[in-house]
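The values are calculated or read from the model by the stated rules, or taken from the named source; none is laboratory data. Keep in mind it's a predicted model, so treat the numbers as computed, not measured. FYI the Cβ positions are ideal-geometry reconstructions off the backbone, even for glycines, and counts take in every protein chain you see. The protein model used for the area step is the full one, side chains on, heavy atoms only, and it has no ligands, DNA or RNA in it. Shrake-Rupley method; radii C 1.70, N 1.55, O 1.52, S 1.80 Å.
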Amino acid sequence: AFLPAGSAHTLLARTHGRAAQIVALSLGEGGARTYGTALVAREDGPTTLPALKGKRLALSSFDSLSGHWVPARQLARAGVRLSDLAEVVWAGTHDKALALLEGGQVDAAATYDGALATFRRQHPTFRVRELAVEQQLPNIVVAVRAGLEPDRRAALTTALFGLGTDARASEALNDLHA
C-alpha cells in the first residue's frame, strides 16, 4: 500500500502480526531517512505532559505516526490517556494543528519537525515550548504484504516510481502529503 502515513500503517501491521515488507522509503531533506516529532504547547502554556490533563490537544490525523501515534504513546508513558484530555481536535494536517495552537483553540499540538520549523519561520513572534520530542521516525514508505510474489512486487514498485515522471501524478501525490 502507498499511503501518506505508510510508516504508521506498516508499524501497526507489524505490531498486529501481519507481515509487511517495505519496498521503498522516501528521503527527506538532505537524503534523511527519518524525521522527528514534537508535542508542543504555547510558551505560556502547560510545561509538562501531565499538565495536559484537562486540556485541549490538536492531533493531525488518526493514521499519522508523528501527529497521533507517537504523541499518544508519549502521553501514555507520562500517565496521560487521550480520554484524560478535555478535547482531542483532529486538525487534518500538521500545519492546521499548529495554527489551532497559535489561535488559542487548543493548548498543545502534535507535529513533525519539518512542519514546526516552517511554522517558526513563518510566525517568528509565536513561541512554543517542546513538551516531548522523538527522533528517528521512518519517512513515508511503500509497503507490500510479505508474501507478494517478487514479480508483482517489482512491477508495482516500477509503476509507482514511474509516477514521478508524470506531472499530474506527481501533483496528486504531493497533495496527499500536504
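For segment 65-100, taking the residues that are at pLDDT 95 or above, part of a helix (DSSP H, G or I) and over 22 Å from Thr48 (Cβ atoms), the one that is most open to solvent (accessible area, probe 1.4 Å) is identified as Lys96. Kindly indicate whether any position in segment 44-64 is open to solvent by less than 20 Å² (accessible area, probe 1.4 Å), at pLDDT below 85 and out of contact with any Cys (no Cβ under 9 Å at 6 or more places or on another chain). Checked segment 44-64: at least one residue is open to solvent by less than 20 Å² (accessible area, probe 1.4 Å), at pLDDT below 85 and out of contact with any Cys (no Cβ under 9 Å at 6 or more places or on another chain). The C-beta contact set for segment 62-89 (first residue basic (Lys, Arg), second residue loosely packed, with under 13 Cβ neighbours inside 10 Å and in a loop (DSSP other than H, G, I, E, B), distance under 7 angstrom, 6+ apart or interchain) is empty. For segment 139-162, does any single residue satisfy the condition of being closer than 27 Å to Lys96 by Cα, in a strand (DSSP E or B), at pLDDT below 75 and within 22 Å of the chain's Cα centre (by Cα)? Yes, segment 139-162 contains at least one residue that is closer than 27 Å to Lys96 by Cα, in a strand (DSSP E or B), at pLDDT below 75 and within 22 Å of the chain's Cα centre (by Cα).
Is at least one residue of segment 144-159 among the small types (Gly, Ala, Ser), touching a residue at least 24 places away in the same chain (Cβ under 8 Å) and buried (at least 16 other Cβ atoms within 10 Å of the Cβ)? No, segment 144-159 contains no residue that is among the small types (Gly, Ala, Ser), touching a residue at least 24 places away in the same chain (Cβ under 8 Å) and buried (at least 16 other Cβ atoms within 10 Å of the Cβ). Taken together, the residues in segment 101-114 that are closer than 17 Å to Phe62 by Cβ and open to solvent by less than 40 Å² (accessible area, probe 1.4 Å) amount to 4. For segment 55-89, the set of residues classified as of a type in the set (D, E, K, R) and within 16 Å of Gly36 (Cβ to Cβ) consists of Arg73 only.
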